[in-house]
Amino acid sequence: MLFSSYEQALVKLLVQKNWVQPHVINKVLEYVTKQRQQGQKIAVESVLLQSGYVSQQNLQTAIGMVSTIMSSGTASEVNVSQQSMMNSSKFTQTQMLQAINQRQVIAHYNIEKELGRGGMGIVFKATDTKLGRTVAVKVIIGTALTATKIRRFLEEAKATARLKHPHIISLYEINNTPVNYFTMEYVEGKPLSDYVGKGLKLKEVLYIMNKCASAIDFAHKEGIIHRDIKPSNIMLDKLKNPKVMDFGLAKDVNNDQNLSRQGDVMGTPAYMSPEQADGRKVDPRSDVYSLGATMYQMLVGRAPFQADSYWKVLKKLHTDDPIRLRVLNPDIPPEVEAICLKCLEKSPRKRYRTAEAFAKDIENFLKDRPVSASPITPISRMFKLFKRNKLISSLVLFIVMITVFSGVSIFYQYFQLQDKNEKLGTSLSELAKVNNDLEIARQKAEEAKNEAITQKQEALDARNEAVTAKQKAQIREYYANILLTNQYLKDHNSLEAQEALGHCAKDLRNWEWYWLDGQCNTSEPQPEVIREFAKKATSIGLHRDLLAMGNKKGQVIIYHMSDRRIIKKLNKTKKSSSGIPGTINDCIFSPSGKYLAILHGQFVEVFSTTSWDLVAAIPHENVSRTCLFLSQEHYLAVGYEVENYDIYKRKIASKKRKQGVVIWNIKTQKPLKIFSPLNEFENNINSLAYRNGKLFCGVGDNERIRKDFNKDFLTIWDLKTERVSYLSKSRIYPKSKIHSIIVDKFIITASFDGTIIIYNKKLQPLRQLVGHKSYVFSCCLSPDKKYLVSTSNDNTMIVWSMETFERVATLVGHVGAVYKCAFYGKDQLVSCGKDGVKFWRIRYSDAHFSGNNPFIFPKQKYAITDCAIDLRTPNQLAFALEHALSIFLSDFRGVKIELPEKNRLKPFLGSMGPVRYLQFHPNKNMIVNGSDFGEVLLWDMQNGQKVRKYSGHKITKHIRHCVFNHDGSRIASASYDSTIRIWNSDIDDFAPKTQGNSLFVLQGFKGDLNAACFQPNGNLIVAGGQPGLKMWNIDEGQLQGKKNVKLSPIKSGLKLAREVFYCEYTPDGKYIIASSKGAKDNLLVADSKTLKLVHTFEGHSDRVEIFSFIPNYPNRLASASFDGTIRIWNLDNIEKSKKSRAVLTIEVSNQQLKTLCFNHDGSLMVSGGFDRHIRIWRFHR
């Protein structure tokens, strides 16, 4: 019979409940019949469940109902009521096991026999019908399947599954159908408990415990604590290799959802640790205890603690020590006893911290190495006994201590009385000796303390000296790099200059660093792939990402700018008439980039940029100078030159005309049109441009030709009408041959006279750009048409603004002439010069004047005597001219200089005489100046009206200097009449316009007075002239309604053989800076209290007329001299040395400088002098 009564009942029930259709049941039964006839053991319910014909819940309910019915003896009739169905849903695990035992199969496992039972399950030996191997199947048992029991069963499976170790049983599969079970490795052998007291040798026991400890340590490292280690949970195979099993009580320390709570007692009492028995938190040391208990039983044949009840065992576990192993078995070595008893310590901290340490100690013993466990001594045993019986032991100890103390006390009193008389005589001397020793010790301690303090201070001083030395070295390096950068810039070596600036420490960078940084606009490194070729290139051509470069050997490479790779190398195919390969003169792409024309000698070769094949080779008797693709790209205009004028004239006489411009059809390689400029006679063609059917030709560089034909250098050829027009003569026109033409929004010509001229479309000149010192070779426009770059024979390129036609930046870096340039991005440029090709990234200034490109006012009629910037509203510049009765005012707002029409500055304020000095009011929109007629004038800057006139100085004497105090309420004026007058500037509008009386008259000078300065926030005033400095104290308490109160100097100093021209307090008020004339000692520093000389700034070779402190840079001073330079000084050097040299020297002019000032943040500097120019520099920090 192929199907049991149980299976028949199960099938009937499934069909009866309509949980499976009859035809499905027939199909399943046919399949099972075939498999069983072939010898396969297969269960019907497994096929139903795996094929999905029935749900797991319905199948379990049916199995329970059938098991209940069969146990009651009614299996022959399966008629189940609703009530019985409800009862069967509560079937027990025992009924399940009965069903399993009856069918001898679980899923695809054939049950062979029962191996054993435990607290949670029963273990069967079974055969895996799928894989054909023997396995152990563990099934959960119990009268009821609680959720906790099932979860604990699953936790055991998960714990075992995570542990892959040679000495831990391996888990194969876990399932819950038809029951909760899992399969694991089957070990052919016996549990370790079967070997207890049966003659295992010592080394065998130690080997087994070593391997078990290693396995348990592996489980600990995976976060698993076994909690039930005992001999019955350790299997030995036939070779006596151990396998740890039964992780039913294992705890996953990484799992927050542990099934055990604090207070739960789990494990076997004879092998569990005290903390585990108390239900306290367990850790790996609890398993170490269980390993020790297992080792104890294997060595002596009994558990550490034995009793006839569970509770007595637990009591001994807490109160007794285990019997020493050597007492039960004297053959056990002391080291082994120590290892075992260390595991069985009551306190976890006294045990091995890890199972690995336990295994290591066993290994040390087996290899005759020292072990870490110490043998139990009598003292330690006594101490343990005391701890276990604290009350009795405390009482005994107390009695003993009382007895001993009493005896000692009596003995001590006896001897004390006996020795009292002897000691009394010597006590005083000993006391004195002790006091003396204490004093000596105190002195030594004090000396040691002082020595330690001294050593500490020496160490601090040494560290400070090292830090100071490092700082000094950094400072020296900083100033060396500043001087080196300045020299590099003078040599036009901006790359080296920028590198030197980069070596300056960031925390030391000051005004001079940012100034020099503003002058560095250098080239970028050449790409590695073309570096060697670019150094020797003689010409370039650019179209989008394609860069063509030619050299003297007639070689051309095509470089892709974005991909940074060489895509083609070309060799010219033709030779010049002399037979010598010529230099590549130029490379020109067609407008769409379809063709590339290469000029060399007497040939123009045209290549296709798709295949790089030669399309055309155009020869000519004369040398080709330039070429240009027209809008129809197969038309090429080529310009030629004439080398000998006399030969040219003979050819004219013989009526053999030679063409100047030829338009070739590159497809047919035949000329289409021929143009000879200058009345159709031959001349040199230097440049070409094409726009709207017109060809613009830059011609001629021979003055004899120009004189003969009286024509200008720009000729326009209309290709449709073949009419020729010329540039009309005007105030601005080229004075030499035109070497570059750009036709766009404007018409731009660059000529060999170093000028660039901007024309409108009607060829009317708009602006002439002057900046280069030699020939201008070419120009190019930026992609947004906002900037123009010109190249020159002076080794530089200049960037011009096409909005204001002012210079924006100067690019230095080429060594030799720069021939051509082209943009390949908004701020990226490539250039070709005598030293090859360079790549640039332009740093456009947001102003039209910058550090290396000062804005220069048009040349004035007279020398500039003074200038001032309004620090309150820093967009106003005032300056005065020598011999002019006016003050000129200009407005600048960060982007450009606002000038009156025709670039002529008109006077803003009128004066009775030449203006000598200017200063803006610190708080109001006013300006003060002195004149040559003894007047001090105060002006309203808003309406240009004179607010006050102060008269008191002699009319015949100049007022050399006038200055406001810190709040603008007082004005000091210094005159050649040897007096200083203090005026009240804080007066109301109803006061007379002319003030004849001053507050104070400062006397005491015998010579001319040139300058005066107020003490910052003080009452002192210092004046300079001949022969030095003098100081007065302005005590306004002396006024009491008086006028012209006369004061004498309170101090004199800095007496020189020559007069002081200007003086001023330093911002901190500690020193006074004074300037003088002479080739040396012309910029001096005096102490503000004593007026004695303390420092000299050396460097200027002529008279220093003026100096200024740089705002926002409190330790920097700038001075202007008659030697034409501006020098920057470091005020920190005043306290360090007697003399110092300039940090930076700026060469401004070859004539004398008389004035210098800065704006509110030090980013703008203005200078003027006898060259009659005002220069404005700006840089950005």
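What follows is calculated from the coordinates using simple rules that are stated; it is not laboratory data. All values derive from a computational prediction rather than experimental measurement. When we count neighbours, we look across all protein chains shown, and the Cβ atoms used for this are built from the backbone with ideal geometry, even at glycine.
Approximating the spin labels as points 7 Å out from Cα along Cα→Cβ, the residue 372-to-residue 448 distance works out to 3.8 nm.
Remark: spin-label model distance residue 117-residue 131 equals 2.9 nm, labels positioned 7 Å along the Cα→Cβ axis. Peptide packing for 771-784, 16-29 was compared via the average number of neighbouring C-beta atoms within 10 Å per residue; ordered from the highest value, the list is 771-784, 16-29. With both labels modelled 7 Å from their Cα along Cα-to-Cβ, the residue 170 to residue 27 distance reads 3.7 nm. With a Förster radius of 30 Å applied to the beta-carbon distance between residue 631 and residue 611, the computed FRET efficiency rounds to 0.80. Amide H contacts under 5 Å for residue 798: 790, 811, restricted to partners 5 or more places along the chain or on a different chain, H placed in the peptide plane at 1.01 Å from N. One decimal place: the segment residue 1044-residue 805 gains 80.5 nm when fully extended, by the rule 0.36 nm per residue minus the C-alpha distance.
For the pair residue 461 and residue 815, what calculated FRET efficiency results from E = 1/(1 + (r/R0)^6), where r is the Cβ-Cβ distance and R0 = 51 Å, to the nearest 0.05?
0.50
For residue 228, no residue has an amide H sitting under 5 Å from its own, ignoring neighbours fewer than 5 places away on the same chain, with H placed 1.01 Å from N.
In the structure shown, the pairs 312/360; 568/737; 1030/1136; 449/472; 12/158; 113/312 are assessed against 29 Å; a Cα-Cα span above that value is assigned to 312/360; 568/737; 449/472; 12/158; 113/312. Under a 5 Å amide H cut-off, with hydrogens placed 1.01 Å from N, residue 866 pairs with 880 among residues at least 5 apart or on other chains. The packing ranking of peptides 287-299, 156-168, 660-672, 415-427, highest mean first, is 287-299, 156-168, 660-672, 415-427, where packing means the average number of other beta carbon atoms within 10 angstrom of each residue. Reachable lysines from residue 569, Cα under 24 Å, same-chain residues fewer than 8 places away excluded? Cα-Cα hits under 24 Å: 535, 536, 552, 553, 594, 667, 820, 834, 838. Here the Karplus relation 6.51 cos²θ - 1.76 cosθ + 1.60, evaluated at θ = phi - 60°, turns the backbone of region 598-613 into coupling constants of 10, 9, 7, x, 9, 10, 10, 10, 10, 10, 7, 7, 8, 9, 6, 8 Hz, with x for every Gly and Pro. Computed from phi, the 3J(HN,Hα) profile of region 339-354 under the Karplus parametrisation 6.51, -1.76, 1.60 (θ = phi - 60°) reads 4, 5, 6, 5, 5, 9, 4, 5, 7, x, 5, 8, 7, 4, 5, 9 Hz, with x in place of Gly and Pro. Along region 34-41 the Karplus relation, 6.51 cos²θ - 1.76 cosθ + 1.60 evaluated at θ = phi - 60°, assigns HN-Hα couplings of 4, 5, 6, 5, 8, x, 8, 8 Hz to successive residues, with x for each Gly and Pro. When Rg and Dmax are taken over the Cα atoms of region 113-186, they come to 12.1, 35 Å. Provide the FRET efficiency to the nearest 0.05 for the residue 17-residue 307 pair, computing r from the beta carbons and using R0 = 56 Å. Computed FRET efficiency for residue 17 and residue 307 comes out at 0.55.
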